[in-house]
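What follows is one structure encoded as structure tokens, with my remarks underneath.
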Amino acid sequence: MTSAGAGPSQLHDALRELVAEHGPGILADAAGFRGVLDDVLTEEQATTGDINLLVDAVRFGVLQPLGELIDGGADPARAVEEAGARLARDRGGDDLAASSWAAAVLGYAVGRVPAAVVLRHRSSRPATGPLPPPVTGPAAAAAPYSSPPTAWPPPPTAVPAPAPYASPAAYPPGGYAPPVAGPGPGAGLPRRRGAAPWIAAAVAGVILVGGGVGAVVALAGGDEDPGRRTQTPSGPTTPAVDVDPAAIDERYGSLSSRITAGASDCEADEPGAGETEVVRCTVSTGTLRLVTYADDAALTAARTARLDYRAGTMTADNDATALYEFDPERGGTSDPAVVYWDSRSALQSAQLEGEGTATIDAVVATFTDTSPRVTEPTAPAHPVLREFIGINMDVAACTRQRTYFTGETEESSCEPGVEGIVVTVGRYSTRKQMKADRRYYKEQYDDAATRGDGGTWRFGEGDPEGGYYAYLDSTGETATLYWDWNSEDCHCYGVAWSFEGDLGKLEAWWPSDD
């Protein structure tokens, strides 16, 4: 990865000088801002891709959510990630790293983001060349920034801050549909990206045994068995844990047919609260942690803590088993990639956690090598979401993908059967989160020069309300159609794009209820 803005006067410094000289009003008009950048920046300071990205950040009003988050108490690093996620989404693309960098640069220019945050995002994004049409990068926390607030320019469009994370409600009985055959998540489909990253550190019931651990009294003549816990002066000897790979495979056979495939250096760990056995092994992508629980309540607590629905996740929970995946690139954090799965009947779970540069794809490959008893979901699962999709699409044409936004219980990319249209559908855990999406698209619709003819769609008298907003952006290059269903057991949304700017095609495809 390379950085933009090299040279004695770096890009973010140059923009800050411009704002200091001309005032924040230069960030209120995208066309005027581009003219200024073209006039004052050298090729060493910014590539065409950099300028395009910054102009888009102004055009889509990235400073509004950034300012709201900082004023609400978020540290600048997290505020940049949140605002960058919204910008990436609005551009219809999946380059969260680049969008977060643009948010950081503009925030620095108006005195709200420290240079350290800009530099972190600058180093985490790929070199910017020509950016593709709308079709992610770790971020680190920054020290508190004490620069006095600067007046925010009025952005052309007001983008609301993402809704805060809320613990999801459980699916209703029968809410999980078994996966159906199909391509892997998101295979061959254009994707949007965004993530309102949520730094969640919930690890199921892991409480280290308290008290001082005294000198260990060696058993059997003092020879130490790495798989055996030994007696201390204050307690009896606990049973030995057989860490031979064949024995582990046999004990954890309800999770995978060969759980130790590719594993080495397996050893017993101290169980936490509600755990009767813990085994940790080294794998090529990081570590494998196997747990046997004392009872069903302990397993349920561990599962509930693990299925956190932050951005970048994919989950499947049919009660008997659960699967969880977390992609830090999509989630916009520096947390490790994770795959977790469990078995209620066996009261056991396994978790693969990546280390270093291990990607979610690499960790999933390690998971697959164990021949697990659970499979990744490939289709929309929640029954009401499936009903929502069926309004204007074939559910079989939708493929699960990891989520882009905090609070989504699931998200899928769909083939609508019309060339040139790209669709994403999803379900939020709360009404508040879905309504934040609706407000955002309503504002875009209100500000658009070209609006669709479909009006505001509703399911019908007496039914839960549904929003519908179709519009063409100011460039004429991207047409967007948003719709949702504010049902108590759904909180579902859909977004369709035409990157050819064909608003008529979008509305002709979507069946209006008028």
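The values are calculated or read from the model by the stated rules, or taken from the named source; none is laboratory data. All figures in this text were calculated on a predicted structure; none of them were measured in a lab. Cβ sites come from the backbone with ideal geometry, for glycine too, and all protein chains shown count toward neighbours.
In table form, for the structure just shown:
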{"read-out": "Residue that is modelled with the lowest pLDDT [pool: residues in the stretch 230-260 that are out of contact with any Ser or Thr (no Cβ under 9 Å at 6 or more places or on another chain) and part of a strand (DSSP E or B)]", "value": "T232"}
{"read-out": "Members of the stretch 323-335 that are part of a loop (DSSP other than H, G, I, E, B) and either in the same structural domain as Q401 (by TED's automatic domain parsing) or modelled with pLDDT of 95 or more (or both)", "value": "D327"}
{"read-out": "Scan of the stretch 69-87 for residues that are out of contact with any Phe, Trp or Tyr (no Cβ under 8 Å at 6 or more places or on another chain) and in a helix (DSSP H, G or I), ordered by number", "value": "L69, I70, D71, A77, R78, A79, V80, E81, E82, A83"}
{"read-out": "The stretch 310-322, subset in a loop (DSSP other than H, G, I, E, B) and touching a helix residue (DSSP H, G or I) at 6+ places or on another chain (Cβ under 9 Å), residue nearest to S256 (Cα to Cα)", "value": "G312"}
{"read-out": "Positions within the stretch 37-56 being in a helix (DSSP H, G or I) and either under 12 Å from V105 (Cβ atoms) or at pLDDT 85 or above (or both), in sequence order", "value": "L37, D50, I51, N52, L53, L54, V55, D56"}
{"read-out": "Positions within the stretch 260-274 being of a type outside the set (S, T, Y) and either in contact with a His (Cβ under 9 Å, 6 or more places away or on another chain) or farther than 17 Å from Y293 by Cα (or both), in sequence order", "value": "A261, G262, A263, D265, C266, E267"}
{"read-out": "Residue in the stretch 372-380 that is small (G, A, S) and at pLDDT below 95 present", "value": "no"}
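A quick yes/no check of all residues on (1) under 26 Å from the mean Cα position of the chain (by Cα); (2) of a type in the set (D, E, K, R); (3) in a helix (DSSP H, G or I):
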| residue | (1), (2), (3) |
| --- | --- |
| G262 | no, no, no |
| G272 | no, no, no |
| R289 | yes, yes, no |
| A297 | no, no, yes |
| T304 | yes, no, yes |
| D308 | yes, yes, no |
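Every residue, every condition in (1) of a type in the set (G, A, S); (2) farther than 28 Å from D447 by Cα, yes or no:
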position: E17; (1), (2): no, yes
position: G49; (1), (2): yes, no
position: E81; (1), (2): no, no
position: S100; (1), (2): yes, no
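Residue-by-condition table, conditions (1) modelled with pLDDT of 85 or more; (2) surrounded by fewer than 20 Cβ atoms within 10 Å (Cβ to Cβ); (3) hydrophobic (A, V, I, L, M, F, W, C):
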position	(1), (2), (3)
S413	yes, no, no
R427	yes, no, no
Q433	yes, no, no
G460	no, yes, no
P464	no, yes, no
G467	no, no, no
T475	yes, yes, no
W483	yes, no, yes
